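Novice: Before I ask anything, let me first share the structure, which is written out below as structure tokens.
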Amino acid sequence: MKRSLTAMLLLAVMGCMHSSLYAAELLDVKPVVAAGGSVSVEISADIAMTYTYYKVPGQARAVVDIAEADPEKVEPLIVVNKGLVSSISVDKAQITGIAVSRIVFNLVSDADISVTASPDRTLLTVTFGGTPPEASKPGIKPDLAPEIKPAAVPKPVSKAGPPAVVTAPAPAASASASASAIPPALPPTPTAARTVKLEPVVPIETAPVRSSALTIQEIITGAKYIEIRANQAIPDYKALKLTSPDRLVIDMASGKTDQKPKTVAINNFGISKVRIGVTPTNIRIVMDSSKAGFPVYSITKTENGLRINFK
């Protein structure tokens, strides 16, 4: 009797802790393709959502954070490849002690993000639009050198007087009158000449620098294993099994990367396919099980990747 009462109290405490950690539960993250090819994304939850959204500086990514929402029922990687959206990653995060569902949109190019909510805030609609060209952004001005023109030299202006009777003046008086009627010509204003000294450019030979960005190059299927081959050794990774549906998620710390989302068919070892996606800090590998329950496995590091061994 005491054991049953203790178990009931423990379950109640755990239920209270879970309810305090997650007030809402995400139900679906669904891309919607319009007739013109543009893509919007609908995010639904069981109760009203408190959310924020922003663009990731310097990257073609946008983020929606939903406070105190559990994303367990939503697929962690959704491959779209429609419109401006290449893929969507759904994960958990912490912001100043508050648990949030973080939804990351990996875009094909830099674009603005906007979010509208239904009246009861149980449905959010995320849309994307193009950014203005560089010339129209504030603070960016074309680098044009000012045009330098020589100063204009004023032309002499002669004033016409009334007609006079022409007589035969003395030669000296005639020369003096003509000299006083025409003002002396002004010397041209000198223009500053700028001399540019060109130094010879000597090329410096440097050794090629290996890129530090982690990239998955190929997925290899062996006799009893699936090997993930990258362009360098995997410094750190985290593996997690998920259910409904059964799948294995492997996150590799990458930082900024040029990795593109893609899917590789396997159909062996009880694995249907392997999906490669990208989050702001990781390259995410998702292995989908083709049967109930994920097969028994172990993970070992290789020189340039990881090997998932099956029994």
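Just so you know, all these numbers are worked out from the coordinates, no wet-lab data involved. Note that the structure is predicted; figures quoted are calculated from it, not measured. Because the Cβ atoms are built from the backbone with ideal geometry, glycine has one as well, and the counts that use them run over all protein chains shown.
Novice: Please report, in whole Å, how far the alpha carbons of segment 27-97 spread along each principal axis, starting with the longest.
Specialist: Rounded to whole Å, the extents work out to 40, 31, 19 Å.
Novice: Along Cα→Cβ, 7 Å out, is where each label goes; now give me the distance between the ones at Ala239 and Ser44 in nm to one decimal.
Specialist: Distance between label points: 3.5 nm.
Novice: Sticking with this one: Amide H to amide H under 5 Å from Asp70: which residues, 5+ apart in sequence or cross-chain, H placed 1.01 Å off N in plane?
Specialist: Those qualifying (amide H under 5 Å, at least 5 residues apart or on another chain) are Ala24, Glu25, Leu26.
Novice: For segment 12-131, what is one quarter of the convex hull surface built on the Cα atoms, given in nm²?
Specialist: Across all orientations, segment 12-131 yields a mean hull projection of 7.9 nm².
Novice: Now a separate question. Mind giving me the nanometre distance, one decimal, between the label points for Ala265 and Ile299, set 7 Å out from Cα along Cα→Cβ?
Specialist: So the two model labels end up 2.7 nm from each other.
Novice: Further question: By count of other Cβ within 10 Å, fewest leading, how are Ser101, Ser87, Ser118, Ser244 ordered?
Specialist: Ranking Ser101, Ser87, Ser118, Ser244 by Cβ neighbours within 10 Å, fewest first, gives Ser244, Ser118, Ser87, Ser101.
Novice: Over 23 Å between C-alpha atoms is what I'm after, so list which of Lys30/Lys238; Lys55/Lys92; Lys256/Lys291; Lys92/Lys301; Lys55/Lys238 land there.
Specialist: Exceeds cut-off: Lys30/Lys238; Lys256/Lys291; Lys92/Lys301; Lys55/Lys238.
Novice: So, one more: Report the FRET efficiency, 1/(1 + (r/R0)^6), for Tyr54 and Ala34, where r is their Cβ-Cβ distance and R0 is 25 Å, rounded to 0.05.
Specialist: 0.55
Novice: Subtracting the Cα-Cα distance from 0.36 nm times the residue separation, let me have the gained length for Arg121 to Lys73 in nm, one decimal.
Specialist: Once the chain is fully extended between Arg121 and Lys73, it gains 15.4 nm.
Novice: Need one word for segment 216-310: rounded, prolate or oblate. Basis is the Cα gyration tensor (sqrt eigenvalues a ≥ b ≥ c); a/c below 1.5 gives rounded, then a/b vs b/c decides.
Specialist: Prolate, since a/c reaches 1.5 and a/b exceeds b/c.
Novice: Order of 289-298, 225-234, 62-71 by packing, highest average Cβ count within 10 Å first?
Specialist: Result, highest mean Cβ count within 10 Å first: 62-71, 225-234, 289-298.
Novice: Quick one: which of 108-116, 90-98, 77-85 comes out on top by average Cβ neighbours within 10 Å, and what's the full order, highest first?
Specialist: My ranking of the peptides, most packed first, is 77-85, 108-116, 90-98.
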